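Let me begin by presenting the structure, written as structure tokens, before commenting on it.
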Amino acid sequence: MNRGVDLVLSELHERDATSTHARLLRDILAADGHMVRFVVERTMVADEQVLLLDRWKADADLTILQHSIGSLVASEIAKRRVPVVVNYHNITPLEFVEPWEPEQIEGLRWGRQQLWELRPLAHAAICDSDYNARELREVGYEDVSVSPVLFDGLEREGESPPAFAGITLVFVGRLSPNKCQQDLVGVLAALDALGIDARLALLGGGSSDSYRDALGAFAARLGVAERVVFGGSVSERELVGWYEAADVFVSTSEHEGFGVPLVEAMAFGAPVVAFGAAAVPETAGGAALVLADKSPAVVAEAIARVVNDSQVRASLIERGRARAAELSGPQAADRMRSVLEPLLAGAAR
Amino acid sequence: MSDPLSDEQLPDDRFAARIQAEVMAAAEERRREDPKLARIEREIERAWADVAPPGAVGPTEELLLDRVDRLALVDVDAPIGTKPGVKQVKGAIRKGIYWYLRYMSDQLNAFHNVQARLLRRFDDRLSRLESVIGVDSAVDDLVYPAPTAGASSGRRLADAVGSGRVLVLAAGAGAALTELDNAYGVERDPQVALAGIDAGLDLRVGDPLEHLCGLEAGTIGAVLIGGALQRVSPAAAIALVASAAVACGPGGIVAVAVEDRSRRADAAAELLGDRGLAPTTWGAILGGVAASTESVKVDDDGLEALVVARLS
């Protein structure tokens with residue numbers, strides 16, 4: 001039976017991860033014949049299916065909230081006591097942000113508070129990873145399913161980055177303290193000690209100016225500034241170009257609710273070396289070199305191994321491609337469908 | 001035991017665990033052989049501490065305490081020396097600072113100084129307590145490795161365990177795993193673990209305690225504790241057993257492969273002293289969480305018994 005479904009999120013953007021996930025979720029539901037609309041506080045894109053929060057009547061058969069930070073839409077759901085499915089993408093823990101951008105922690109704290117407020121109204125929850133699911137269960141959510149975050153396949157035509165004689169390391173993600181890009185900068189210095197000439201491309205917009213400035217100063221102090229590329233928010237073609245140029249995709253992030261760039265890198269045949277924090281090991285699924293220790297010597301050794309050992313490299317690339325196929329495209333859509341099916345069947349008309 | 005598999009044949013998680021162990025062992029060896037690398041790692045840590053704000057210098061207590069020390073002093077000498085301005089105005093500012101701000105900052109500095117000293121005292125005390133309760137048992141293990149659960153312990157446990165997954169903590173080269181179905185081990189030392197990984201066993205390199213504490217409740221059928229972990233103090237043993245019981249849940253099994261202290265060489269006996277508990281003591285501790293406990297003899301090198309507890 002066809003249902004009316006409201007996908008509720010704070011803001012709808014052109015490219016951010018939550019908006020992309022919500023759009024693909026809409027496509028899955030619409031393809032199955034359900035009537036879907038977005039409910040948002042603000043929209044940055046023109047889309048005929050968007051309904052602003054102040055006009056929302058909360059009369060759909062099923063309401064699915066995208067939750068990753070404190071928002072007015074979540075407050076409205078709690079205030080109106082709307083039965084909801086919480087689609088949880090995780091919230092950056094405060095301790096990472098507080099030393100750098102104390103003014104940002106209010107939104108994060110609010111988001112975690114809202115998890116408690118929504119719990120009595122949430123008849124189910126969908127999480128990107130088991131890691132996220134554990135967090136919700138700790139808060140008291142009971143019916144929690146796991147389905148990987150949905151993301152667009154990138155185009156195959158990349159724009160090549162400037163040539164470099166040594167090896168190219170790539171990391172994609174916001175310049176944010178929880179992503180720990182400083183560890184990657186430190187690894188460049190350790191690679192120097194191993195006699196390996198490397199450059200590091202840090203791609204992604206910044207959420208903290210002070211963190212960005214500190215990374216620059218840190219790179220200068222270590223004498224590697226010329227080999228660190230702060231690419232910022234790049235176009236899709238540039239991003240693909242960097243993935244294609246990557247000798248290794250390397251992550252020392254300490255907090256990932258899923259880790260889409262890991263999967264994208266795998267899809268483009270870049271071997272992945274990553275610190276095994278939060279959801280990273282389950283996303284990697286054995287197809288990356290996941291490290292229990294991210295001291296510079298260990299990460300540098302791992303990179304050297306992947307670069308110099310053709311068998312390991314080939315195996316990681318092959319396993320990575322298979323893993324990326326599991327977590328994206330039709331397989332990911334099918335997984336989401338199987339999670340949504342009972343929720344749609346039980347939704348009141 | 002199955003034949004070792006080639007890289008291509010290994011399942012994803014076993015392949016990654018094997019390469020991880022090799023990488024960690026290689027990094028350790030390189031650090032030992034090349035002191036320059038260890039120095040560079042320290043420089044990296046210090047350089048980041050210099051540019052990062054307080055509280056963002058990572059998990060190293062020593063660095064955080066250095067930060068506390070540096071930040072404890074409130075400097076009231078306003079940086080007006082290099083700024084343009086009339087000399088008399090600057091003089092007036094200095095006087096104002098001297099008569100008012102100086103009075104306040106002296107009190108704050110005294111307060112911060114006491115706080116910093118207290119934190120250092122706490123840090124020292126915590127380190128001493130940790131050494132007393134045996135958190136540092138791995139250090140002893142470097143000198144006199146504790147015997148790990150072997151094939152005999154594995155067979156004994158296999159008789160008792162049902163169909164659930166078995167976790168062997170401080171598994172060494174994984175000898176116990178050869179006798180257990182659906183089992184994996186965690187070993188801290190990558191060099192030791194590599195021997196088992198090369199033999200095709202499901203062994204992971206990491207901190208066994210961290211691994212245990214990271215498991216969701218009730219997700220493991222049985223936990224076998226061995227190696228350095230059975231040399232911990234009574235207080236740490238109680239906490240360890242409680243954590244293992246949570247990971248297993250009702251009906252699960254917690255077992256301890258207990259060292260035979262009477263078979264220690266003279267030097268080891270003297271240096272290790274009373275470290276480690278007797279099978280009867282482990283039985284009593286396990287009795288706190290279990291419906292029944294049983295101590296069985298095993299033939300593994302250096303071990304006295306396997307104490308098996310079925311959880312209530």
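The values are calculated or read from the model by the stated rules, or taken from the named source; none is laboratory data. All of these numbers come straight from a predicted model, not from anything done at the bench. Note that each Cβ is placed from the backbone with ideal geometry, even for glycine, and that neighbours are counted across all protein chains shown. Protein only, heavy atoms only, side chains kept; ligands, DNA and RNA dropped before computing areas. Shrake-Rupley method; radii C 1.70, N 1.55, O 1.52, S 1.80 Å.
Accessible surface for the range B:249-312, divided over its residues, is 48 Å² per residue with a 1.4 Å probe. Against chain B, whose longest principal axis is taken from its Cα atoms, helix B:234-248 shows a tilt of about 70°. Put a plus charge on the Cβ of each Lys and Arg, a minus charge on the Cβ of each Asp and Glu, and nothing anywhere else: the dipole of chain B about its Cα centre is then about 2080 debye.
Overall dimensions of the range A:111-267, expressed as equivalent-ellipsoid semi-axes from the Cα gyration tensor (√(5λ), whole Å, largest first), are 34, 19, 13. Per-residue 3J(HN,Hα) values for the range B:167-180, derived from phi via the Karplus relation 6.51 cos²θ - 1.76 cosθ + 1.60 with θ = phi - 60°, read 10, 9, 8, 6, 7, x, 8, x, 4, 5, 5, 5, 9, 10 Hz in sequence order (x marks Gly and Pro).
Determine by what factor the alpha-carbon radius of gyration of the range A:211-253 differs from 2.2 N^0.38 Å, reporting the quotient.
Numbers: Rg = 12.2 Å, N = 43, 2.2 N^0.38 = 9.2 Å.
Compactness ratio reported: 1.33.
Among B:269, B:173, B:146, the largest mean-square fluctuation in a Gaussian network model of chain B (Cα springs under 10 Å) belongs to B:269. A crude spin-label estimate for the pair residue B:65 and residue A:52, with each label 7 Å from Cα along the Cβ direction, gives 5.7 nm. Say we join alpha carbon atoms closer than 10 Å with springs in a Gaussian network model of chain A; which of A:207, A:310, A:129 then has the biggest fluctuation? With Cα springs under 10 Å in chain A, the top fluctuation among A:207, A:310, A:129 is at A:310. If you plug the beta carbon distance of residue B:239 and residue B:43 into 1/(1 + (r/R0)^6) with R0 = 51 Å, you get a FRET efficiency near 0.85. For chain A, the relative contact order works out to 15 percent when only alpha carbon pairs closer than 8 Å and six or more residues apart are counted. Semi-axes of the equivalent ellipsoid of chain A are 37, 21, 18 Å, computed as sqrt(5λ) over the eigenvalues of the C-alpha gyration tensor in descending order. For the protein assembly as shown, the fraction of 1.4 Å probe accessible surface lying on carbon and sulfur atoms is 52 percent.
What would the Debye formula give as log10 I(q)/I(0) at q = 0.05, 0.09 Å⁻¹ for the alpha-carbon point model of the protein assembly as shown, no solvent? Results for the protein assembly as shown at q = 0.05, 0.09 Å⁻¹ read -0.29, -0.91.
The residues of the range A:206-224 occluded by other protein chains by 50 Å² or more of accessible area, set against the chain on its own, are A:218, A:221; surface from heavy atoms, 1.4 Å probe.
If I take every Cα pair under 8 Å that is 6 or more residues apart in chain B, average their sequence separation and divide by the length, what percent do I get for the relative contact order?
Working: 486 pairs, mean separation 50.6, N = 312.
Here the relative contact order equals 16 percent.
Computed from point charges on the beta carbon alone (+1 for Lys and Arg, -1 for Asp and Glu), the dipole magnitude for the protein assembly as shown about its Cα centre is near 1960 Debye. Both chains summed, the buried accessible area for B and A stands near 3000 Å², from protein heavy atoms and a 1.4 Å probe. For a modelled paramagnetic label at residue A:334, 7 Å from Cα along Cα-to-Cβ, the residues of the range A:12-32 in reach, with backbone nitrogen under 20 Å, are A:24-32. For the pair residue A:94 and residue B:191, label points projected 7 Å from Cα toward Cβ lie 4.5 nm apart.
Close amide H partners of residue A:248, meaning residues 5 or more places away or on another chain with modelled amide H under 5 Å apart, are A:168, A:170.
In this label model, residue B:301 and residue A:235 are separated by 6.5 nm, measuring between points 7 Å along each Cα→Cβ vector.
Measuring heavy-atom accessible area with a 1.4 angstrom probe and counting protein chains only, the residues of the range B:195-222 that give up at least 30 Å² relative to the chain alone are B:216. Rg/Rh, computed from the Cα trace of the range A:1-152 with Rh as the Kirkwood radius, has the value 0.95.
The H on the amide N of residue B:303, modeled in the peptide plane, is under 5 Å from the matching H of B:260, each at least 5 residues off or on a different chain.
Computed from backbone phi with θ = phi - 60° and the Karplus coefficients 6.51, -1.76 and 1.60, the 3J(HN,Hα) list for the range A:130-140 is 4, 4, 5, 4, 4, 4, 5, 5, 5, 7, x Hz; x is used for glycine and proline. Summary value for the range A:167-327: 25 percent relative contact order, contacts being C-alpha pairs under 8 angstrom separated by 6+ residues. Averaged over the residues of A:96-104, the number of partner chain Cβ atoms lying within 10 Å of the residue Cβ comes to 2.
Residue-wise HN-Hα couplings along the range A:90-95, as the Karplus relation 6.51 cos²θ - 1.76 cosθ + 1.60 with θ = phi - 60° gives them from phi, are 6, 10, 4, x, 4, 4 Hz; Gly and Pro carry x.
So with the 1.4 Å probe, I'd like the accessible area per residue for the range A:167-327, rounded to whole Å².
Working: 4600 Å² over 161 residues.
Counting only protein heavy atoms, the per-residue value for the range A:167-327 is 29 Å².
Working note: 222 nm ellipticity from helices only, DSSP H runs with n ≥ 4, each -39,500 (n - 2.57), summed and divided by the residues of chain A, gives -13500 deg cm²/dmol to the nearest 500.
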